[in-house]
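Visitor: Structure provided below as structure tokens; questions to follow.
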Amino acid sequence: MRKPTYTSRRDADRVGVVWRKSSHSYPEGECVEVAQPSGATVLFDDSKRHNGALMEVSTATARAFVAAVRQGSV
């Protein structure tokens with residue numbers, strides 16, 4: 001298993017990772033944020049856990065997850 005490149009939001013922000021909010025986020029700002037720092041990886045961040053770890057997955061895994069959510073499989 002590959003070791004994560006980014007361990008925290010602060011690490012990712014430091015190198016200029018650009019984040020976007022989920023279109024289904026709450027007005028209070030509690031949401032899932034997504035970034036794609038490279039063509040090979042996607043980062044997920046839970047804005048409710050400001051100091052929490054990031055989840056880093058391959059682009060293929062992220063696409064499969066989104067497809068499963070859209071189909072109602074997850």
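The values are calculated or read from the model by the stated rules, or taken from the named source; none is laboratory data. The structure displayed is predicted, hence computed values, not measured ones. Glycine gets a Cβ as well: all are built from the backbone with ideal geometry, and neighbour counts include every protein chain shown. For accessibility, only protein heavy atoms count, side chains too; no ligands or nucleic acids. Shrake-Rupley method; radii C 1.70, N 1.55, O 1.52, S 1.80 Å.
Visitor: Could you check the spin-label model distance between residue 20 and residue 49? Points 7 Å from the Cα along Cα→Cβ, value in nm.
Guide: 2.4 nm
Visitor: Work through the residues other than residue 46 whose Cβ is under 9 Å from its Cβ and net out their charges, Lys, Arg +1 and Asp, Glu -1.
Guide: Net charge in that neighbourhood comes out at -1.
Visitor: Just the number, please: carbon plus sulfur as a percent of the accessible area of the chain, 1.4 Å probe, no ligands or DNA/RNA counted.
Guide: Roughly 53 percent, rounded to a whole number.
Visitor: Follow-up question, since we're still on this one. What's the ranking of 36-47, 7-18 by average number of surrounding C-beta atoms within 10 Å, highest first?
Guide: Put in order of decreasing packing, that is 36-47, 7-18.
Visitor: What's the Cα-based Rg to Rh of the chain, Rh via Kirkwood? Numbers along the way, then the final one.
Guide: Values: Rg = 12.6 Å, Rh = 13.1 Å.
Rounded to two decimals, Rg over Rh is 0.97.
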